[in-house]
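Input: a single structure, listed below in structure tokens.
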Amino acid sequence: MTASSREYTPAGVVSRVVAALVDAVVVAVTAGGMFLTVAAAEFIWRPKSFSWPKPAPWLSLAVLFVLATVYLAAGWATNGRTIGGSLMGLRVLSAARRPVGWSRATGRAVLCVLFPIGLLWVAVSGSRRSVQDLLMRSLVVHDWHHALDAAARPVAVSPGAGEVGPHRRPPRSVQLGHGFRQ
Amino acid sequence: MTTATDRRAATDILLGAGACALGLVRWSTLPIRTATLIAVRVTRGTTRDRLAAALAARGGLLRRRLRLIAEATLPVVLRPVLEAVLDAVDLTTLVREHLDLNELVSDVDLEAVVVGIDLDAIIHRIDLAALASEVINVVDLPRIVRESSETIASETVQDMRTECARADDAVARLVDRLLRRGPAPNPAPR
């Protein structure tokens, strides 16, 4: 399958896991940066009695949770993609192939952070959807070359069609492209 | 303007006059030569030696005087003659038509010539830094490096995406096989 024919088709488990791992690294690096910033501020404030901060585990988890949720929600709501998604050429859309709003993006982000294992359901699902996608009625597609408006343009992809193009508003039961089950 | 025929006729006349003069000299010196031969045969021993030495001294003196005359007159006479000859002859055409320069050059040991050249001295005389700087400015090396880096990075990302997408398809086929799921209406090409 060529790159052009793969455009707008649902992404599989490998691509999404790699993108998720990149996002996890970004969140971890950001959290580490925040930790160092706090330590530096404490050192500047009390240089003589400085010691490395030792936050409580619940606080660390809470910060990571908030950080990850905000990062994911902001990326999906504004551009449909996070840093990991940009690297892998993936974009999160609603089931109607429109940009997800802030509410759906935030809900999806919370579910992804709380239940990351749900991503593996993509491998089992015939429509390549994770547990979060099924609950939030979203979709992750390949988008290697085009901007958000092009990817989010409602398209009707009939089974057997070799190419994707804008035709008309899709029916309520969204057709996902050839080869993929509902 | 003299033609070639006139010049040839003048040359013949001069040569004829020279031949007559030479013949006249030979005829006029006949008695002297005859007397010399008789003297050489008649005289013996010290008389002949004294006579030979006196004649040799006189001949040497004459030779030296003739040489001085030649050294004084030849440059004055020869230069106009040579200039006249060179004006009349196209040396470039002459060399081009009658000289095989390729054969001449092939006989030259160019390797020995190159070995004798001090390349280090030549290179030291060149401002290599300025030359390299000028080449870089003309070639716009930073732009080439930037474009090639962008191309490499872009190709690397594209390759990674493609490989992951292929892995997605492979996983999907494996799961279909494990779950004994029937083929999709339009399965993705392998």
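Exposure proxy ranking for B:HIS124, A:HIS142, based on other Cβ atoms within 10 angstrom of each Cβ and starting from the fewest, stands as B:HIS124, A:HIS142.
Shielding of peptide A:7-20 by partners, expressed as the average count of other chain Cβ atoms within 10 Å per residue Cβ, is 4. Ranking B:ALA165, B:ILE152, B:VAL114 by Cα position along the charge dipole of the range B:62-190, where only Lys, Arg, Asp and Glu carry charges on their C-beta atoms, puts B:ALA165 farthest toward the positive end.
Each part gets one Cα centre, and for the range B:115-174 versus the range B:1-76 those centres are 87 Å apart. Each Lys and Arg adds +1 at its Cβ and each Asp and Glu adds -1 at its Cβ; summed about the Cα centre, the protein assembly as shown shows a dipole of about 920 debye. Rg over Rh for the range A:31-140 works out to 1.14, both radii taken from alpha-carbon positions and Rh defined as the Kirkwood radius. Within the listed set B:ILE13, B:ILE122, B:ILE69, the Gaussian network model of chain B (springs between alpha-carbon atoms below 10 Å) gives the highest mean-square fluctuation for B:ILE13. So how far, in whole Å, is the C-alpha centre of the range A:40-63 from the one of the range A:70-85? If we compute the Cα centre of each part, the gap is 29 Å.
Computed from the Cβ-Cβ distance with R0 of 45 Å, the FRET efficiency linking A:SER103 to B:LEU141 stands at 0.30.
This model, with +1 at the C-beta of Lys and Arg and -1 at the C-beta of Asp and Glu, gives chain B a dipole about its Cα centre of some 1960 debye. Shown for chain B are the DSSP H helices of 30 Å or more along their axis, judged by Cα atoms, with a mean Kyte-Doolittle hydropathy of at least -0.5: B:4-28, B:45-88, B:141-178. Think of the range B:1-62 as having a plus end and a minus end, set by charges on the Cβ of Lys, Arg, Asp and Glu; of B:ILE38, B:GLY23, B:LEU61, B:ILE38 sits farthest toward the positive end of this dipole. The packing ranking, built from the mean of other Cβ atoms within 10 Å per residue, places the peptides A:34-40, B:165-171 in the order B:165-171, A:34-40, highest first. Using a cutoff of 8 angstrom between alpha carbon atoms and counting only pairs six or more residues apart, the relative contact order for the range A:36-139 works out to 21 percent. Among the residues of B:165-175, the average count of other protein chain beta-carbon atoms within 10 Å of the residue beta-carbon is 6.
Charges were assigned to the Cβ only: +1 to each Lys and Arg, -1 to each Asp and Glu. The resulting dipole of the range A:1-105 about its Cα centre is roughly 160 debye.
Counting Cβ atoms of other protein chains within 10 Å of each Cβ in A:126-132 and taking the mean gives 1.
Bear in mind these aren't lab numbers, they're just calculated from the coordinates by the rules spelled out. Keep in mind the model is a prediction, meaning the values are calculated, not measured. Neighbour counts are summed over all protein chains in view; Cβ atoms, including those assigned to glycine, are modelled from backbone coordinates with ideal geometry.
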